[in-house]
């Protein structure tokens, strides 16, 4: 099941400039066919269809007459090329236009003898609606430019009896070891599979699988080489792209890549990069079939909204302007193979586009055994003038610690608030380098959970709202197993039931031990009425305020067969409106189970 959105008639007026003359046309390109009911463009009649059995000589307006290529692919020809020209020059707005790929089909980016062969980087140069009211987060999206799928249209020979993703393949076989050479060369001059143009806005990329790239040590450390998805550079805060139900995996590296990366103190490849405000939903980046520690997952996006995603077997995420991050899993993190320091999640800039940053219902777990020793940071934050709220997060079997940047543009004058998180054997759970941090209702498992930074924390280890518990006591009460994890000596119990480190009885140490922090929920709710949002969406404050009233959802459960997310992993339990809360991310269920939050939604696709 996926989210559906209201329909609207597309505005067919396009403004094109030729030789300085402004021309207005009502039907610059041919009318497409009806858009799929499962797409955000449902109700529009401007979708074009692409399949491995198609022909660019077809009209592309139905699933029975599809093209072989899509506009933006170098090998687009015939009627496909005619429509490509009609879409206009770079950043021309084409609201409500969709390009739909048949599920299970594969488009080849490496092997030129395979069909359909793309011919180089697939570059989308067009934007969707320029108005925030017709391509918006958690709202009307009928004005987006859509590159995606129809959940009822698929190749049964490849998918079986149910829909599966179309595949963009660089054709290099996957390998968990270094290879001597790449089977197929770089895509274009920079080895980029899919590219957005600079300044695009309102583009929705949906339901595509990316695989088969091989790194080529091209300009190691550059943000423009060896990428599955590239968002135009330099950054543009006026741009906004949506990525939903994306699955990225399977790249290979040569020994030359590693040597070049070490000499440059940077990784030889990144999977995604760009400076756009980014919406990433219901997506999976799973490097388990790739060389561990070889590539970074995402570099320098402005994280507008990340929700319901899984980041697995990575070694580097470096982001900017992190606004809204919830219900994500970060697991099985690897060391960075000597290619400069790695980290699980690093955010280097303040979220200046709205009145708050929120991080909740996330799980961080299972870092590699050498993670702490090799200089990896773990979680790096740069709080500044925007308040930050961290709650309902679980961190366990995690060798990296917290690190908070100091000085300069990281002055933390907006306030940093951490409450109702569960941290197991966590290094530096209150380390902020001399900045102010408010910490309440934490469940801190470990013999020495606080370090020298504790003196800077309001509500430190002496606070009665925080429950500090030794490993042995946590195991005796059923929170942890005491068995060896991937990196540490203690990990959460009940992980297989999607409830790691949950209270096992009403008599255990966290139940009723916390303070009532409804005031934080109210503070976030009040921010939704702020008028000066800029690029900030008030739904962030509404959703976070609602989630604050409940215990953790344990993020999502990851289906390793379909590589999809099922959200939430569990129905959250409501915290009392009055009276004590539990400490930690969980709330012991009352005798009468309340209704879940109204913003809980089924995962797309």
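Every number in this text was worked out from the coordinates using simple rules, so none of it is lab data. As the structure is a computational prediction, the values presented were derived from the model and not from experiment. Every residue, glycine as well, gets a Cβ built from its backbone with ideal geometry; the counts of neighbours run over all protein chains shown.
Take peptides 279-288, 567-576 and line them up by average Cβ neighbours within 10 Å, highest first, as a rough protection proxy.
Ranking the peptides 279-288, 567-576 by packing returns 279-288, 567-576.
Please arrange 278, 231 by how many other C-beta atoms lie within 10 Å of their C-beta, fewest to most.
With the sparsest Cβ surroundings first, the list reads 278, 231.
Would you order 226, 171 from fewest to most other beta-carbon atoms within 10 Å of each residue's own beta-carbon?
Going from sparsest to densest Cβ surroundings: 171, 226.
Listed highest first by mean packing, meaning other Cβ atoms within 10 Å per residue, what order do 558-565, 207-214, 497-504, 463-470 come in?
In decreasing order of mean packing, 558-565, 207-214, 497-504, 463-470 become 207-214, 497-504, 463-470, 558-565.
Rank by packing, highest mean first: peptides 383-392, 507-516, with packing defined as the count of other Cβ atoms within 10 Å averaged across residues.
383-392, 507-516
What list do you get for 109, 194 if you sort them by fewest beta carbons within 10 Å?
Ranked by crowding around the Cβ, least crowded first: 194, 109.
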